[in-house]
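Here's the structure, in structure tokens; my notes come after.
Only the coordinates and a few stated rules stand behind these numbers; no lab work does. Every value quoted in this text rests on a predicted model; they were computed, and no experiment measured them. Cβ: placed from backbone, ideal geometry, glycine included. Neighbour counts: every protein chain shown.
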Amino acid sequence: MSGNTLGTLFCVTNFGESHGPAIGCVVDGCPPGMSLTEADIQIDLDRRRPGTSRHVTQRQEADQVEILSGVYQGKTTGTPIALLIRNADARSKDYSAIADTFRPGHADIAYFKKYGARDPRGGGRSSARLTAPTVAAGAIAKKWLNEKYGTVVRGYMSQLGPIPMPFLSWSHVPENPFFSANDTVVAELEAYMDQLRKDGDSVGARIEVVAEHLPAGWGEPIYDRLDADIAHAMMGLNAVKGVEIGAGFHSVVQRGSEHGDEITPEGFLTNHAGGILGGISTGQPVTVSLAIKPTSSIRIERRSVDRDGKPVMVQTLGRHDPCVGIRATPIAEALLAIILADHALRHRAQCGEAAA
């Protein structure tokens, strides 16, 4: 299997399976001399890990990260940073019933068609469990970006199923299990999720992620545009079916007189471009919106086929997120940070420190 590495100069290679002994990644290209401990990484892993509320999978994983290389006496050395997260609470027997069938909406059938075999335990390589190493790598990127440029990357959920959550304050985000920036809707969200779990069904979500305080000039036109690389990375996140930069699809109904962000000596008046023009950062906040589909593993029986192409009814039991979007915010932050760190290094390599 190829396609497991993200980035050009700041590279992240992801490995493991949902029910294997461990998962992890290798981060290559992190500049030397940055203070880094496991505690720096653990903060974001704790935000993503399962079992944190009744609204997500009850798989109990501590997700304790181990730094195996690339750090000496508390500082990065510039060599590859190997990160390991051991799996401790896999229940493979929950998947025995679907070992020879395919869940509608899941990657099961695509993996089988491509490789002629698949690991059904927790989805194997296609599991969202593999986002934990991404979050760990993203924590390193976020720390470097903040120390080098003052860049802050953060996100929130703006919609869960049919329930919109207008932004109120960043201070609300860490205070509820939905990463909502609007605490007035939390009770409604909890009631909705409780009923959804009783129904044995699932739902999608919308996630917003924002990078602030980054310089202008990052991005490599024409084929490695900053927004193109962001979209590429975000579409690599499990269950993402749509990515918007700035106004996104709303730009369809805007006129040029509205969409084009006017410029004054003090800066831009609006940010419909989402902080990127011509594939290059403008110095404004980079804004990204993700559409996440409903979880494919549900208790409701649905039509499918088995390995021989014969019709069957499929029901998925076990511990699953009724909305994978609830834990997606730290992952989206990590992916954006990885892309920004990569482009920061690429810009520095081509244009030098003065241009950054």
query: Taking a 23 Å limit on the Cα-Cα distance, which of the listed pairs LYS143/LYS293; LYS113/LYS198; LYS75/LYS143 fall beyond it?
result: LYS143/LYS293; LYS113/LYS198
query: Which whole-number percent gives the relative contact order of the chain, counting Cα pairs below 8 Å spaced six or more residues apart?
result: 22
task: Taking the chain as the reference, fit the longest principal axis to its C-alpha atoms, fit the long axis of helix 226-235 to the helix C-alpha atoms, and give the angle between the two in degrees, 0 to 90, nearest 10.
output: 10
query: Highest mean first, what order results for 174-182, 35-43 on Cβ atoms within 10 Å?
result: 174-182, 35-43
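Could you tell me whether the range 213-316 comes out rounded, prolate or oblate from its Cα gyration tensor? Rule is a ≥ b ≥ c as square roots of the eigenvalues, rounded for a/c under 1.5, then prolate if a/b exceeds b/c, otherwise oblate.
Numbers: a/c = 3.61, a/b = 2.64, b/c = 1.37.
In terms of gyration-tensor shape, prolate.
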statement: Using alpha carbon centers only, the range 100-175 is separated from the range 298-341 by a whole-angstrom value of 11
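Once the piece of chain linking LEU68 and THR184 is laid out straight, how much longer is it, given 0.36 nm per residue of separation minus the C-alpha distance between them? Could the numbers behind the result be given before it?
On the way: separation 116, 0.36 × 116 = 41.76 nm, distance 4.31 nm.
Length difference between fully extended and current span is 37.4 nm.
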- request: Be a star and scan the range 126-169 for residues whose amide nitrogen sits under 18 Å from the point 7 Å along the Cα-to-Cβ vector of ASP194.
  value: 163
- request: Measure off 7 Å from each Cα along the Cα-to-Cβ vector at ALA99 and THR264, then give the distance between these two points in nanometres to one decimal.
  value: 6.8
Angle in degrees between helix 38-48 and the longest Cα principal axis of the chain, rounded to the nearest 10: 60
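To the nearest 500 deg cm²/dmol, what mean residue ellipticity at 222 nm is calculated for the chain from DSSP H runs of n ≥ 4 alone, each contributing -39,500 (n - 2.57), summed and divided by the residues? If you can, show how the numbers build up before the last one.
Values: 7 runs with 93 residues, N = 356.
Result for the chain, helices only: -8500 deg cm²/dmol.
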- prompt: Along the three principal axes, how long is the range 153-278 when you take its alpha carbons, biggest first, rounded to the nearest angstrom?
  reply: 52, 31, 29
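Hey, what's the per residue convex hull volume over the C-alpha atoms of the range 271-356, in cubic angstrom?
Details: hull volume 16.1 nm³, N = 86.
Given the Cα convex hull of the range 271-356, per-residue volume reads 188 Å³.
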